[in-house]
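Q: Dumping the structure here so I can ask a few things about it.
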Amino acid sequence: MKRAKLEVCCGNIKDIVAIKGLDYDRIELNSALELGGLTPSVHTLVEAKKISDKPIMCMVRTKTGDFLYTDEEKEVMYKDAQELIDHGADGIVFGFLNEDDKIDIEALKKMRKITEGKELVFHKAFDLIKDKEEALKILIDNGVDRILLMNEEGEDLYAAAERIGKYYDLYGDKIELLPGGGINEDNILKVLSLTKCTQCHGTFKKVEERGGLSHITVSRERVEKVLDILSRDI
């Protein structure tokens, strides 16, 4: 029996270096993790590929806040996705919603076309959608490979995990479900058990301060601890 896969959310080159040599499975590459994760630069991706041999999924998100984008913003995101793929991204992480917080199907179709042959991941914009089963069917029908998801605003982590477990029973053979958001060393095994998923996502962050300034970075020690927990649970 294989251990659950671990995707580590990284915000810069320092994070990639910090976990070099560890036996995690995949990277989600962002910039500005303190803002929830935005599009990384192409040169960050290029350097990351030199440092790590793990698959790298690149976030494509131009702003904080909601996931409603103007036509001009979408064009930037399409071009960002294409350029990141051209420079070695193994997949793209994205999320387009309409004003009613339903999936923007036209934008989804265009992103799938741009990323053909690479993995396409719909991120936690999914947590804002009311009719999640309808959304799951749309994502499956349009060839999305994986969904990053967890708890809605105000929802208990374990209640969300149980809900995801129901989605897994219904759709787990059609699309990958990736629990992420609030997962740590203390709850990871319970979350995996409740969701029934075989993979998980986390930043496993620490806050570093210097000269009165602070920033979020990935903790190598925490990632090592999580990997040890997952290995012992096999």
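Q: Just name the residue that is nearest to residue 146 (Cα to Cα) out of those in region 13-25 that are part of a loop (DSSP other than H, G, I, E, B) and either touching a Cys at 6+ places or on another chain (Cβ under 9 Å) or in contact (Cβ under 8 Å) with a residue 40 or more places away in the chain (or both). Steps first, answer last, please.
A: So in region 13-25, the residues part of a loop (DSSP other than H, G, I, E, B) come out as 19-25.
Those left that are additionally either touching a Cys at 6+ places or on another chain (Cβ under 9 Å) or in contact (Cβ under 8 Å) with a residue 40 or more places away in the chain (or both): 19, 22-25.
Working: 19: 24, 22: 23, 23: 21, 24: 18, 25: 15 Å.
So, considering only residues that are part of a loop (DSSP other than H, G, I, E, B) and either touching a Cys at 6+ places or on another chain (Cβ under 9 Å) or in contact (Cβ under 8 Å) with a residue 40 or more places away in the chain (or both), the one nearest to residue 146 (Cα to Cα) is 25.
Q: Answer yes or no as to whether residue 97 is under 25 Å from residue 65 (Cβ atoms), in contact with an Asp or Glu (Cβ under 8 Å, 6 or more places away or on another chain) and free of Cβ contacts under 8 Å to residues at least 40 places away in the same chain. I'd like the intermediate steps shown before the answer.
A: On the way: under 25 Å from residue 65 (Cβ atoms): yes; in contact with an Asp or Glu (Cβ under 8 Å, 6 or more places away or on another chain): yes; free of Cβ contacts under 8 Å to residues at least 40 places away in the same chain: yes.
For residue 97, the condition - under 25 Å from residue 65 (Cβ atoms), in contact with an Asp or Glu (Cβ under 8 Å, 6 or more places away or on another chain) and free of Cβ contacts under 8 Å to residues at least 40 places away in the same chain - is met.
The rows are residues; the columns are (1) charged (D, E, K, R); (2) at pLDDT below 95.
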{"site": "62", "(1), (2)": "no, no"}
{"site": "75", "(1), (2)": "yes, no"}
{"site": "97", "(1), (2)": "no, no"}
{"site": "109", "(1), (2)": "yes, no"}
{"site": "134", "(1), (2)": "yes, no"}
{"site": "137", "(1), (2)": "yes, no"}
{"site": "142", "(1), (2)": "no, no"}
{"site": "152", "(1), (2)": "yes, yes"}
{"site": "157", "(1), (2)": "no, yes"}
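Q: Confirm whether residue 68 is among the hydrophobic types (A, V, I, L, M, F, W, C) and modelled with pLDDT under 95.
A: Details: among the hydrophobic types (A, V, I, L, M, F, W, C): yes; modelled with pLDDT under 95: no.
Against the criterion (among the hydrophobic types (A, V, I, L, M, F, W, C) and modelled with pLDDT under 95), residue 68 does not qualify.
Q: For region 186-229, which fully contained strands (runs of 3 or more DSSP E) count at least 2 residues that are free of Cβ contacts under 8 Å to residues at least 12 places away in the same chain and of a type in the set (Phe, Trp, Tyr)? Quick ask: steps written out before the conclusion?
A: Numbers: elements: 199-202, 205-210, 213-218.
Answer list for region 186-229: none.
Q: Being in a helix (DSSP H, G or I), crowded, with 16+ Cβ neighbours inside 10 Å, at pLDDT 95 or above and in contact with a Leu (Cβ under 7 Å, 6 or more places away or on another chain), is that true of even one residue in region 47-55?
A: From region 47-55, those in a helix (DSSP H, G or I) are 47-51; that's our starting set.
With crowded, with 16+ Cβ neighbours inside 10 Å added as a condition, the list becomes 48-49.
So of that shortlist, the ones also at pLDDT 95 or above come out as 48-49.
Filter once more, so that each one left must be in contact with a Leu (Cβ under 7 Å, 6 or more places away or on another chain): 48.
Yes; the residues of region 47-55 include at least one that is in a helix (DSSP H, G or I), crowded, with 16+ Cβ neighbours inside 10 Å, at pLDDT 95 or above and in contact with a Leu (Cβ under 7 Å, 6 or more places away or on another chain).
Q: Could you tell me which of the residues 108, 139, 120, 149 is more than 20 Å from residue 38 (Cα to Cα), in contact with a Phe, Trp or Tyr (Cβ under 9 Å, 6 or more places away or on another chain), of a type outside the set (Ser, Thr, Tyr) and crowded, with 19+ Cβ neighbours inside 10 Å?
A: One residue alone meets the criteria, 139.
Q: Of all residues in region 26-46, which are of a type outside the set (A, V, I, L, M, F, W, C), part of a loop (DSSP other than H, G, I, E, B) and within 15 Å of residue 218 (Cα to Cα)?
A: Matches in region 26-46: 30, 36, 37.
Q: Which condition number does residue 80 fail, the rest of (1) surrounded by fewer than 19 Cβ atoms within 10 Å (Cβ to Cβ); (2) over 24 Å from residue 174 (Cα atoms); (3) touching a residue at least 40 places away in the same chain (Cβ under 8 Å); (4) charged (D, E, K, R) being met?
A: (1)
The values are calculated or read from the model by the stated rules, or taken from the named source; none is laboratory data. None of these values were measured; they are calculated from a predicted model. So basically every Cβ, Gly included, is an ideal-geometry build from the backbone, and we count neighbours across all protein chains shown.
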